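We did not get these values from a lab; they are worked out from the coordinates using the rules stated. Values in this document were obtained by computation on a predicted structure and should not be read as measured data. As a convention, Cβ positions derive from the backbone with ideal geometry for all residues, glycine included, and neighbour counts pool all protein chains shown.
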Amino acid sequence: MATEIRDPERKRGITRTVIWCVLLAATFYFGFIAMAVMRSH
Amino acid sequence: MAHAHAHHDHSGAAHDHHDDHGPAKGIGRWLFATNHKDIGTMYMLFSLLMFFIGGTMALVVRAELFKPGLQLVDPMFFNQMTTMHALVMIFGAVMPAFVGLANWMIPLQVGAPDMALPRMNNFSFWILPFAFTMLIGSLFVPGGAPAGGWTMYPPLSQQTGDAFPMLIFAVHLMGASSIMGAINVIVTIMNMRAPGMSLLKMPIFVWTWLITAYLLIAVMPVLAGAVTMLLTDHYFGTTFFEAAGGGDPVMFQHIFWFFGHPEVYIMILPAFGIVSEIIPTFSRKPLFGYDAMVYATASIAFLSFIVWAHHMFTVGMPLAGQMFFMLATMLIAVPTGVKVFNWTATMFKGSLSFEPPMLFAISFLFLFTIGGFSGLMLAIVPADFQYHDTYFVVAHFHYVLVPGAVFSIMAAVYYWLPKWTGHLYNMKLGKTHFWLSTIFVNVLFFPQHFLGLAGMPRRIPDYSTQFADWNMVSSIGAFGFGLSQLLFVYIIVSCIRGGEKASDKVWDSGRPHGLEWTLSSPPPYHSFETAPEVK
């Protein structure tokens, strides 16, 4: 069974870090595709 | 660096206690695993399996190249083997091995009860068997497996048969798994450290993994973007990389290597962390220049983003571009030199002993440095024009990846296996495995420098007779190296099955440091349920 994290401050910290990581990944994914689209003739 | 204390701080406990403190019974323990130790073990075993599958593909290549002429496989299958060997080894063997080590060791080293996102951890692992079943399964579809090289350059990769969508989907799955694994590592390190463990008190393996995880999050989506565009070019009429439609095939190379170069560091930074853990233990001294090691790792990671075009000097680029990428690449030698200096300085006047982990770490130090030096040679633009696409490049990256990354993984297994299993392995056999591996890895890869400098191109099933002698030597080395790894499996299996009881510190005569050594060997199924205090 997974270890549940109950401390609300730690939970918030985890959520925040996950959001930043996902945003970073999405920026690189869509950013590079957008760059390629703009470079296409 | 952190000093571990057995005293546990109950006031800092942020985790509830469970009634079920043991593992679940049967297959469910593994299918629904959320325990970082179980998931770490599955990653390591998966990696070992892939290491042997990828290794078998390499042996097909080396068997064909044993002498000039075509004797064993047809050229198309040969190309499938080179391509699949690379994909399986990079994404199936080396990366999952490091993620497995991260899963096992990061919670133990930062004093956390588990990874921060245990269910996602399960998902990131279980994606991999599906991804690799699909990738390896592509060998059996019409047109065979991908054969255009692991770099998937268009327009060549667009000629792949039915395996094309399987390749793209498998790469996406591997990427998703890696990104989820990386997010888990970052979230765990940033939020789950024991009270008192500031960033600059973290074990160096944790530091190198934190930086690696950021690299993964930045570049795996770039690879995903590149292969998404390959897919839309193939099926949906876009022309991102097709000159006929106004696209640019060279743009793929830029995008691919923007992922590809940091990927090289993804496979070597955790190795640096492992070696930085092992050398101080068996030198009986603290790591020389801990802060400098951290800054050097971060510098290497930063530089890895601005050197990608050194992989493609021969496509043609402005002189200023060549100069920039050449000099930026050479600059990487500075932080890497800091690391090599610090490892040497750690050993200097140390009370050295040569157990298997230390032997592999020292071998890493010498042989990775050889790979680094040949990398510097390749960074020089006019020289690269000569070496590009020759066996010199093959020799270079295999020196970095095999006695570099793979040896560090073996060193880590030999270092922490007694902690994981609670048993000591047979040291004599471990040392035999080390000597066989070190000798054969050099017999295998060193002659490839000569072949490359003499002009032998890579990715060919047949060659001119002038290259015959060194190819034969290299193939003998390959079979010797491959067979030696059976000993590695035997050592691991016997250690899991039993053996002399390991103490908590395992390396009592050495100087093991860090929180993992405060736990029993093997550690309890749920460890650090109350956070330890770090001073």
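Data overview
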read-out	value
Linear extension gain, B:Arg284 paired with B:Ala243, 0.36 nm per residue minus alpha-carbon span	8.8 nm
Rel. contact order, % - alpha carbon contacts under 8 angstrom, at least six apart, chain B	22
Estimated Rh, chain B: Kirkwood, alpha-carbon pairs, angstrom	23.9
Counting all C-alpha pairs of segment B:254-371, share separated by more than 16 Å (%)	63
Pairwise FRET efficiency - A:Arg12 versus B:Ala63, Cβ, R0 = 41 Å, nearest 0.05	0.10
Where only C-alpha atoms are counted, convex hull volume of the protein assembly as shown per residue in Å³	148
Solvent-free Debye scattering, log10 I(q)/I(0), computed from the Cα coordinates of segment B:495-535 at q = 0.26, 0.28, 0.29 Å⁻¹	-1.02, -1.09, -1.12
Residue order, fewest to most surrounding Cβ atoms within 10 angstrom, among B:Glu64, B:Glu500, B:Glu516, A:Glu9	A:Glu9, B:Glu500, B:Glu64, B:Glu516
Residue order, fewest to most beta carbons within 10 Å, for B:Arg497, B:Arg511	B:Arg497, B:Arg511
Sequence of B:Thr228, B:Thr239, B:Thr56 once ranked by neighbouring C-beta atoms within 10 Å, starting from the fewest	B:Thr56, B:Thr239, B:Thr228
Added length on full extension, which subtracts the Cα-Cα distance from 0.36 nm per residue, B:Gln466 to B:Leu483	3.3 nm
Neighbour net charge for B:Met251 - beta-carbon separation under 13 angstrom, K R +1, D E -1	-2
Under 12 Å, Cβ to Cβ, from A:Ser40 - net charge with Lys/Arg +1 and Asp/Glu -1	-2
Förster radius 25 Å - calculated FRET efficiency between B:Gln158 and B:Met317 (Cβ-Cβ, nearest 0.05)	0.60
Sequence-separation-based contact order of segment B:414-535, relative, with Cα cut under 8 Å and 6+ spacing, percent	42
Efficiency of FRET from Cβ geometry, B:Leu331 and A:Thr27, R₀ 35 Å, rounded to 0.05	0.85
